[in-house]
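Novice: If you scroll down you'll find the structure; I have some questions about it.
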Amino acid sequence: MYAITIPEPGGPEALVWDEVPDPVPGEGEVLVEVVAGAVNRADILQRQGFYDPPPGASRYPGLECSGRIAAIGPGVSGWTVGEEVCALLSGGGYAEKVAVPAGQLLAVPEGVDLRQSAALPEVTSTVWSNVFMIAHLRPGETLLVHGGSSGIGTMAIQLAKAVGARVAVTAGTKEKLDRCAELGADILINYREQDFVAEVKQATAGAGADVILDNMGAKYLDRNVQALAVNGRLAIIGMQGGATAELNIGALLGKRAAISATSLRARPLEEKAAIVAAVREHVWPLVAAGRVRPVVDREIPMSDAAAAHRVVEESGHVGKVLLVAP
Ligand SMILES: NC(=O)c1ccc[n+]([C@@H]2O[C@H](COP(=O)([O-])OP(=O)(O)OC[C@H]3O[C@@H](n4cnc5c(N)ncnc54)[C@H](OP(=O)(O)O)[C@@H]3O)[C@@H](O)[C@H]2O)c1
């Protein structure tokens with residue numbers, strides 16, 4: 001098969017479409033013939049040499065895909081060859097074939113195109129596990145999503161609205177904020193021109209956000225805690241603004257607030273399977289009902305993954321960039 005390899009870390013040109021051995025599904029795995037993959041921010045870090053795949057994972061990039069089951073490994077039941085699926089991966093999605101632990105497979109939801117379903121596994125799993133399983137966002141509460149037009153952000157807006165929460169977003173341009181509003185965001189904040197703490201406080205009569213989904217890490221830590229409501233929950237999933245920050249713990253105590261931080265890729269197989277099962281139970285019915293949909297910015301041939309990385313690095317996209325296999 002062909003896959004995107006990274007012979008040497010570097011810029012987008014480090015991604016090389018090359019012939020490699022076919023993966024063989026191991027115990028509990030299924031072989032998927034890939035129709036499409038999708039780009040995640042983490043793939044860029046892997047390409048640059050800053051994010052090695054966890055032990056046992058494919059060394060090719062790609063954290064999600066859609067396709068058809070080509071073979072079933074030992075010990076797998078409940079799936080059949082030829083079935084259309086999408087999957088959460090620990091790597092290997094930028095390839096014509098990938099071996100997937102069966103617990104990370106999802107049937108393509110009703111009403112969604114097979115290719116476009118590649119945009120769903122990583123964002124639904126990340127948002128559901130952080131915003132709902134850890135931070136327990138409830139109907140009527142306010143969620144602040146940083147980077148509202150990102151792959152993650154566009155899913156967070158839709159899921160939070162579907163459960164009856166109010167959604168505030170930050171983005172860097174008016175056009176991106178408009179797209180967030182189309183998806184249902186209620187409070188639109190341009191992070192280049194406005195102070196998100198003041199804007200969230202004003203929109204919530206001084207209370208603040210009940211849950212914040214944060215991609216910035218260190219740069220926003222102090223201001224995120226300021227923007228939290230009493231009993232607020234800050235869920236950190238990214239470090240685009242650095243990893244090290246100082247925090248006045250008193251500000252947390254006074255609010256009885258909580259901070260969580262997780263990385264989906266590094267979680268053990270059982271935890272990923274539990275998250276995917278929760279996505280199947282809670283998110284898939286919303287997708288099938290048309291209340292939540294994949295937001296795809298564009299489709300690019302997988303062999304030209306470099307072009308897709310350039311788009312994402314320049315933040316020229318809204319939602320997800322897909323990589324279509326030959
Ligand atoms: N921990 C996990 O398990 C996990 C899983 C998946 C993703 N993530 C993280 O989630 C984040 C989003 O991932 P993605 O793949 O959806 O990325 P993406 O589509 O590339 O989006 C990155 C976003 O960052 C926003 N941004 C840049 N500077 C900002 C600032 N100062 N304030 C607020 N937003 C800012 C961009 O907004 P503009 O375009 O408007 O500038 C853009 O929306 C990344 O940090 C990624 O690493 C974590």
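Novice: So Arg293 clears everything in (1) of a type in the set (Lys, Arg); (2) open to solvent by 70 Å² or more (accessible area, probe 1.4 Å); (3) in a helix (DSSP H, G or I) except one condition, right? Which one?
Specialist: Arg293 satisfies every listed condition except (3).
Novice: Among what's in segment 226-248 and is of a type in the set (S, T, N, Q) and farther than 16 Å from Ala258 by Cβ, pick the residue that is least open to solvent (accessible area, probe 1.4 Å).
Specialist: Gln240
Novice: Determine if segment 298-314 includes at least one residue that is assigned to a loop (DSSP other than H, G, I, E, B) and more than 14 Å from the chain's Cα centre (by Cα).
Specialist: Yes, the conditions are met somewhere in segment 298-314.
Novice: Which condition does Ala305 not pass, out of (1) away from the ligand (no atom under 13 Å from the Cβ); (2) within 14 Å of Thr126 (Cα to Cα); (3) surrounded by 14 or more Cβ atoms within 10 Å (Cβ to Cβ), if it passes all the others?
Specialist: Only one criterion is unmet by Ala305, namely (2).
Novice: Now for a different question. Could you count how many residues in segment 128-141 are open to solvent by 10 Å² or more (accessible area, probe 1.4 Å) and either within 14 Å of the ligand (Cβ to nearest atom) or not in a loop (DSSP other than H, G, I, E, B) (or both)?
Specialist: Number satisfying all stated conditions: 4.
Novice: Residues Arg59, Arg47, Arg41: which one is on the phi < 0 side of the Ramachandran plot and within 17 Å of the chain's Cα centre (by Cα)?
Specialist: From the options Arg59, Arg47, Arg41, the qualifying one is Arg41.
Novice: So which residues in segment 261-275 are part of a loop (DSSP other than H, G, I, E, B) and within 18 Å of Asn40 (Cα to Cα), if there are any at all?
Specialist: Within segment 261-275, Thr262, Ser263, Leu264, Arg265, Ala266, Arg267 meet the criteria.
Novice: Here is a further query. Are there any helices (runs of 4 or more DSSP H) wholly within segment 155-260 with 2 or more residues that are within 11 Å of the ligand (Cβ to nearest atom), and if so which?
Specialist: So the answer is 174-182, 218-227.
Novice: May I ask you to list the residues in segment 84-106 that are open to solvent by 20 Å² or more (accessible area, probe 1.4 Å), in a strand (DSSP E or B) and within 21 Å of Glu299 (Cα to Cα)?
Specialist: Glu84, Lys97
The values are calculated or read from the model by the stated rules, or taken from the named source; none is laboratory data. Given the structure is predicted, the values throughout are model-derived calculations rather than measurements. Every residue, glycine as well, gets a Cβ built from its backbone with ideal geometry; the counts of neighbours run over all protein chains shown. Please note that ligands, DNA and RNA were not included when accessible areas were found on the heavy atoms of the full protein model with its side chains. Shrake-Rupley method; radii C 1.70, N 1.55, O 1.52, S 1.80 Å.
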